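Step one of this worksheet: look at the structure below.
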Amino acid sequence: MELNKKLERIAEVQRKLAARVVERPLNLEDIETVGAVDVSYRESLARSAFILCSFPSCEVLKSKVIETEVSFPYVSTFFFLRETRSVLLALRGEEFDVLLVEGHGRAHPRGYGLASHIGLLLHKPTIGVAKRPLRGVPEESFVRVGKAYVSVGHLIDLNSAVRIVEALLERGYPKPLKLADRLSKRGSL
């Protein structure tokens, strides 16, 4: 089956999965740890980095990097197909109260980006954080916080997501994601 037909079918699945995303407030006083995950690429390798920080002080408690083969090409709005496997491998065995995902959640044309997918698979609160919004996305699905575009992933509401990201900002971007980005690219903090 050609790629366009596959993507049409996957887009329909995304729309159905979007209906399963739960938005609810989180009590920030209950949050002790925040995880962050980011992926960088070099040729056919994906390097996923996980950072675990205390909340709200953002002291690094743990870091981890894994490498995997890239199994899907980059296709706009189908980012989750490229990154899910390596993200899940980086998160294997990890515990956190909330996860920041470098990618969109509800702020996606089909209401279901990488952050929502990871949250739904793990049954954990996730926040989508991106450097720019996607086209065709309702403005009420995200909030700009510093240089970040924040959206609901799963098991959190937008207000709670914004407050968490605001508490973790360092020069306009959430510190845990900055560290995960650096770790994924350089292999060290």
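The values are calculated or read from the model by the stated rules, or taken from the named source; none is laboratory data. Owing to the predicted nature of the structure, the values given are computational and were not obtained by experimental measurement. Cβ placement follows ideal geometry from the backbone for every residue including glycine, while neighbour counts extend to all protein chains displayed. Accessible surface is based on the protein model in full, side chains and every heavy atom, while ligands, DNA and RNA are left aside. Shrake-Rupley method; radii C 1.70, N 1.55, O 1.52, S 1.80 Å.
For segment 127-189, what class follows from the C-alpha gyration tensor (a ≥ b ≥ c being the square roots of its eigenvalues): rounded when a/c is under 1.5, otherwise prolate if a/b is larger than b/c, else oblate? Write down the numbers at each step before the final one.
Details: a/c = 2.04, a/b = 1.64, b/c = 1.24.
Prolate, since a/c reaches 1.5 and a/b exceeds b/c.
How would segment 34-130 be classified by its alpha-carbon gyration tensor: rounded, prolate or oblate, with rounded meaning a/c under 1.5 and the a/b versus b/c comparison settling the rest?
On the way: a/c = 1.99, a/b = 1.22, b/c = 1.63.
Oblate.
Once the Cβ-Cβ distance between Ser188 and Tyr74 is put in as r, and R0 is 22 Å, what FRET efficiency do you end up with, to the nearest 0.05?
0.30
Quick check on my link table: of Lys64/Lys185; Lys16/Lys185; Lys62/Lys185; Lys124/Lys178; Lys147/Lys185, which ones sit more than 23 Å apart, alpha carbon to alpha carbon?
Numbers: Lys64/Lys185 12 Å; Lys16/Lys185 34 Å; Lys62/Lys185 17 Å; Lys124/Lys178 21 Å; Lys147/Lys185 20 Å.
Over 23 Å Cα-Cα: Lys16/Lys185.
Convert 37 °C to kelvin, take the viscosity as 0.692 mPa s, use the Kirkwood radius over C-alpha pairs of the chain as Rh, and evaluate the Stokes-Einstein diffusion coefficient in µm²/s, rounded to a whole number. Numbers along the way, then the final one.
Numbers: Rh = 16.3 Å.
Rounded, D is 202 µm²/s.
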query: Distances over 13 Å make up what percent of all Cα-Cα pairs in segment 68-118?
result: 59 percent
field: Protection proxy ranking of 151-163, 57-69, 126-138 - average other beta-carbon atoms within 10 Å, highest first
entry: 151-163, 126-138, 57-69
- prompt: With Cβ to Cβ distances under 15 Å as the rule, what net charge do the other residues near Gly187 carry (K, R +1; D, E -1)?
  reply: +3
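At 1.4 Å probe radius, can you tell me the per residue accessible area of segment 33-189 in Å²?
Details: 6840 Å² over 157 residues.
Result: 44 Å² of accessible area for each residue.
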statement: Projected area averaged over all directions for the convex hull of the alpha carbon atoms of segment 88-141, nm², comes out at 3.9 nm²
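Show that you can apply the helix-only estimate: for the chain, add -39,500 (n - 2.57) for every DSSP H stretch of four or more residues, divide by all residues, and state [θ] at 222 nm to the nearest 500.
Details: 5 runs with 61 residues, N = 189.
Calculated at 222 nm, the ellipticity per residue is -10000 deg cm²/dmol.
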